[in-house]
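Beneath this line is the structure, given in structure tokens, with notes to follow.
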Amino acid sequence: MDNLKAHFQQLLIDKFYSGRILNNSHRGELVEMMVLSALGPEWRYVGSGWNPWDLQRGSGRARVRIQVKTVRLSSFGEKQNN
């Protein structure tokens with residue numbers, strides 16, 4: 001079963017993350033994982049669905065929460081110089 005799970009995970013990775021990321025719906029997930037990786041092992045991902053934050057360290061009143069935002073510059077409305 002673990003081999004089958006790993007196979008499907010690799011298929012998804014290859015499909016969504018192995019080339020240029022053109023789909024905006026996946027860009028945020030990639031950035032969240034980049035931030036999580038940079039923060040270190042004491043942080044965990046809690047942002048599935050519509051949770052109000054993505055990353056958390058600790059629990060209870062002492063917890064620290066982060067909501068990751070992504071922004072990309074676009075050329076909407078700008079004239080292109082050809």
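Within segment 51-74, which residues are farther than 21 Å from F16 by Cα and either within 16 Å of the chain's Cα centre (by Cα) or of a type in the set (V, I, T) (or both)?
Result: N51, P52, W53, L55, Q56, V64, R65, I66, Q67.
Name every residue in segment 45-58 that is surrounded by 13 or more Cβ atoms within 10 Å (Cβ to Cβ) and either modelled with pLDDT of 95 or more or in contact with an Asp or Glu (Cβ under 8 Å, 6 or more places away or on another chain) (or both), in order of residue number.
Of everything in segment 45-58, those that are surrounded by 13 or more Cβ atoms within 10 Å (Cβ to Cβ) and either modelled with pLDDT of 95 or more or in contact with an Asp or Glu (Cβ under 8 Å, 6 or more places away or on another chain) (or both) turn out to be Y45, V46, G47, D54, L55, Q56, R57.
Can you pull out the residues in segment 1-20 that are among the charged types (D, E, K, R) and under 18 Å from the mean Cα position of the chain (by Cα)?
D14, K15, R20
With the structure loaded, tell me whether R20 is of a type in the set (K, R), assigned to a strand (DSSP E or B) and without any contact (Cβ under 8 Å) to a residue 60 or more places away in the chain or whether it fails that test.
No: the conditions fail for R20.
Within segment 9-23, which residues are more than 28 Å from R57 (Cβ to Cβ) and either surrounded by 10 or more Cβ atoms within 10 Å (Cβ to Cβ) or of a type in the set (S, T, N, Q) (or both)?
Q10, L11, D14, K15, S18, N23
What is the number of the single condition among (1) within 30 Å of L73 (Cα to Cα); (2) modelled with pLDDT of 85 or more; (3) surrounded by 10 or more Cβ atoms within 10 Å (Cβ to Cβ) that A38 does not meet?
Among (1) within 30 Å of L73 (Cα to Cα); (2) modelled with pLDDT of 85 or more; (3) surrounded by 10 or more Cβ atoms within 10 Å (Cβ to Cβ), A38 violates only (3).
For segment 52-75, name all the residues that are among the basic types (K, R) and part of a loop (DSSP other than H, G, I, E, B). Give the steps one after another, and end with the answer.
Here is the first cut: in segment 52-75, the ones among the basic types (K, R) are 57, 61, 63, 65, 69, 72.
Within segment 52-75, R63, K69, R72 qualify.
What is the residue count in segment 1-17 for residues that are basic (K, R) and either at pLDDT 85 or above or not in a helix (DSSP H, G or I) (or both)?
Within segment 1-17, residues that are basic (K, R) and either at pLDDT 85 or above or not in a helix (DSSP H, G or I) (or both) number 1.
The values are calculated or read from the model by the stated rules, or taken from the named source; none is laboratory data. On a predicted model such as this, the values are computed, not experimentally measured, just so you know. No Cβ is skipped: glycine too gets one built from the backbone with ideal geometry, and neighbour counts run over all protein chains shown.
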